[in-house]
Amino acid sequence: MKILSIETSCDETAIALLDISGELARPDIKVLGNTLLSQVALHEQYGGVFPALAMREHQKNLPILLEQTFKEAGYDLEQPDIDFIAVTSGPGLEPALWTGITFAEDLGKKWSASGRKVPVVPVNHMEGHIYSVLYRTESNSKSQAPNHKLDLPALALLVSGGHTELVHIKDFGDYEIIGRTLDDAVGEAFDKVARMLGLKYPGGPKISELADKSRAKKPEIDFKLPRPMIHSQDLNFSFSGLKTAVLYKIRDTRRDDPRYAEGSGKASEEFKQDLARAFEDAAVEVLVKKTRKALEELDSDIKTLIVAGGVSANRRLSHEIKKLTSQFSHLTLRLPDKALTTDNAIMIGIAGFISISTNPGLLRNQAAIKASGNLTLSS
Ligand code: KG4
Ligand code: ZN
């Protein structure tokens with residue numbers, strides 16, 4: 001199936017043209033064209049994503065990326081051989097989602113009018129993150145390595161700037177959210193802590209780099225931050241208390257510790273590195289502990305553990321998750337390739353393929369697609 005996929009839920013505008021066939025557990029995925037424009041640099045000054053600006057940028061970028069994608073694939077823009085268009089309908093920033101949806105529907109109408117009908121199928125962004133683990137970047141190269149296999153049932157730890165969720169994937173298209181954050185998402189906490197340390201958005205990778213520098217210098221640091229909800233009986237998370245603990249640590253250190261001041265009133269590099277490490281250790285420990293609890297509660301039933309979303313690029317997290325996986329026999333770990341950890345259109349196309357395979361009625365559905373900022377995964 002030839003799929004054009006469009007992603008505009010946050011600060012990445014992305015379009016891909018995919019050819020997907022075969023069984024759901026190991027589809028044969030060919031990427032014919034793949035383009036992405038990140039707005040990260042633009043939003044940096046706001047310390048986060050500014051919705052009206054994101055929308056304007058998506059509108060500007062979409063036609064450019066479409067042309068590039070088609071050029072890469074050697075496709076004709078006027079009458080392309082496409083089976084359907086997959087577009088993210090949520091969750092995300094609604095003004096941003098609408099730009100993608102409107103663009104997709106206009107294209108669908110235009111192409112349908114000039115020949116064969118091209119339906120538009122809504123895709124849940126989180127389903128995209130889940131299935132991002134199916135695609136291997138090398139499989140598109142000359143080596144033709146096969147894509148990954150996904151044995152279900154699976155447990156997914158979804159960690160991004162907007163979400164922190166544990167999802168029980170009972171079957172393709174059949175999900176139950178068994179744990180979620182009660183306040184901030186873990187990626188958001190990384191970003192906010194980075195901001196407190198004077199680092200630019202998105203802060204996740206920068207915090208991680210600082211933390212690694214501290215670890216390379218010394219075996220231990222002399223303080224620890226709280227692990228919110230680590231002992232709670234449920235599978236939920238909370239990161240806002242941890243963020244506040246970082247704020248207090250900065251305040252107290254500024255008051256008491258000569259290391260902090262270094263003349264200008266700014267945090268010393270050493271303090272920043274140690275604080276980043278203490279924060280990363282706390283956040284990762286909670287994520288891993290709750291994932292372990294979920295695996296134990298779901299019993300030996302679970303065949304695959306998926307960790308996906310922007311924060312899955314975190315080295316500390318993947319290291320600890322690998323250790324956890326090795327303690328469960330018959331459990332396979334699936335992490336996305338680095339390029340697919342953050343938002344992209346390839347994952348949206350794969351999720352679209354899985355949606356229409358489990359629910360072919362979607363291709364006949366004529367109803368207009370609506371943006372849904374809080375869309376959740378369901379059965
Ligand atoms: O999935 P994503 O691209 O966008 C959303 O759907 O939210 O995730 C972006 C988030 C940001 O909060 C960013 O700081 C975080 O992923 N992130 C990381 C790392 N790389 C990206 N967090 C921790 N460590 C990283 N290496
Ligand atoms: Zn995302």
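When the criteria are applied in full, Arg254 fails the requirement of being part of a helix (DSSP H, G or I), out of contact with any helix residue (DSSP H, G or I) (no Cβ under 6 Å at 6 or more places or on another chain), farther than 15 Å from Leu317 by Cβ and open to solvent by 70 Å² or more (accessible area, probe 1.4 Å).
Restricting to region 100-131, name every residue that is of a type in the set (Ser, Thr, Tyr) and away from ligand 1 (no atom under 16 Å from the Cβ). Residues satisfying the conditions are Thr102, Ser112, Ser114. Within region 274-322, if we keep just the residues that are within 19 Å of the chain's Cα centre (by Cα) and among the hydroxyl-bearing types (Ser, Thr, Tyr), the residue that is farthest from Asp212 (Cα to Cα) turns out to be Thr304.
With the condition kept exactly as written, say whether any residue in region 63-86 is within 16 Å of ligand 2 (Cβ to nearest atom), within 30 Å of Pro146 (Cα to Cα), part of a strand (DSSP E or B) and not acidic (Asp, Glu). Yes; the residues of region 63-86 include at least one that is within 16 Å of ligand 2 (Cβ to nearest atom), within 30 Å of Pro146 (Cα to Cα), part of a strand (DSSP E or B) and not acidic (Asp, Glu). Of all residues in region 306-334, those that are more than 22 Å from Glu127 (Cβ to Cβ) have Cβ atoms under 9 Å from Cβ atoms of residues that are within 13 Å of ligand 1 (Cβ to nearest atom) and among the polar types (S, T, N, Q), 6 or more apart or on another chain, in Arg315/Ser208; Arg316/Ser208.
Can you tell me which residue in region 117-135 is farthest from ligand 2 (Cβ to nearest atom), limited to those that are closer than 17 Å to Thr358 by Cβ and among the hydrophobic types (A, V, I, L, M, F, W, C)? Out of the qualifying residues, it is Val121. Within region 153-163, identify whether any single residue is away from ligand 2 (no atom under 16 Å from the Cβ) and of a type outside the set (Gly, Ala, Ser), and answer yes or no. Looking for residues that are away from ligand 2 (no atom under 16 Å from the Cβ) and of a type outside the set (Gly, Ala, Ser), one finds at least one in region 153-163, hence yes.
Please go through region 108-143 and pick out each residue that is open to solvent by 60 Å² or more (accessible area, probe 1.4 Å) and either at pLDDT 95 or above or within 16 Å of Phe84 (Cα to Cα) (or both).
Passing the criteria: Lys109, Lys110, Ala113, Arg116, Lys117.
Applying the selection to region 263-285, what residues are surrounded by 16 or more Cβ atoms within 10 Å (Cβ to Cβ) and of a type in the set (S, T, N, Q)? Within region 263-285, Ser268, Gln273 meet the criteria.
Which one is surrounded by the fewest Cβ atoms within 10 Å (Cβ to Cβ), of the residues in region 152-204 that are part of a strand (DSSP E or B) and within 14 Å of ligand 1 (Cβ to nearest atom)?
The selected residue is Thr181.
Listed here are the residues, each with its yes/no results for (1) under 30 Å from Ser379 (Cα atoms); (2) within 18 Å of the chain's Cα centre (by Cα).
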residue: Thr164; (1), (2): yes, yes
residue: Arg180; (1), (2): yes, yes
residue: Gly187; (1), (2): yes, yes
residue: Gly204; (1), (2): no, yes
residue: Pro228; (1), (2): yes, no
residue: His231; (1), (2): yes, no
residue: Leu235; (1), (2): yes, no
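Just to be sure, is Val288 at pLDDT 95 or above and open to solvent by less than 10 Å² (accessible area, probe 1.4 Å)? Criteria not met by Val288. Take the conditions (1) in the same structural domain as Val40 (by TED's automatic domain parsing); (2) assigned to a helix (DSSP H, G or I); Leu317 misses just one of them, which is (1).
When residues of region 309-331 are filtered for being touching a Leu at 6+ places or on another chain (Cβ under 7 Å) and over 21 Å from Thr35 (Cα atoms), how many remain? Steps first, answer last, please.
Kept after step one, since they are touching a Leu at 6+ places or on another chain (Cβ under 7 Å), are these residues of region 309-331: 309, 311-312, 317-318, 321-322, 325, 328, 331.
Retained after the next criterion (residues that are over 21 Å from Thr35 (Cα atoms)): 311-312, 317-318, 321-322, 325, 328, 331.
Count: 9.
What about Ile101, is it under 23 Å from Ile350 (Cβ atoms), part of a loop (DSSP other than H, G, I, E, B) and in the same structural domain as Asp11 (by TED's automatic domain parsing)? Considered against the rule, which asks whether it is under 23 Å from Ile350 (Cβ atoms), part of a loop (DSSP other than H, G, I, E, B) and in the same structural domain as Asp11 (by TED's automatic domain parsing), Ile101 comes out as no.
Applying the criterion of being surrounded by fewer than 20 Cβ atoms within 10 Å (Cβ to Cβ) and within 15 Å of Ser326 (Cα to Cα) to the residues of region 300-315, the residue that is farthest from ligand 1 (Cβ to nearest atom) is Ser300.
Within region 322-357, the set of residues being in a helix (DSSP H, G or I) and under 18 Å from Ile85 (Cβ atoms) comprises Ile346, Met347, Ile348, Gly349, Ile350, Ala351, Gly352, Phe353, Ile354, Ser355, Ile356, Ser357.
The values are calculated or read from the model by the stated rules, or taken from the named source; none is laboratory data. As the structure is a computational prediction, the values presented were derived from the model and not from experiment. Virtual Cβ from ideal backbone geometry, glycine too; neighbours counted across all protein chains shown. Calculation scope for accessible area: heavy atoms of the full protein, side chains included, ligands and nucleic acids excluded. Shrake-Rupley method; radii C 1.70, N 1.55, O 1.52, S 1.80 Å.
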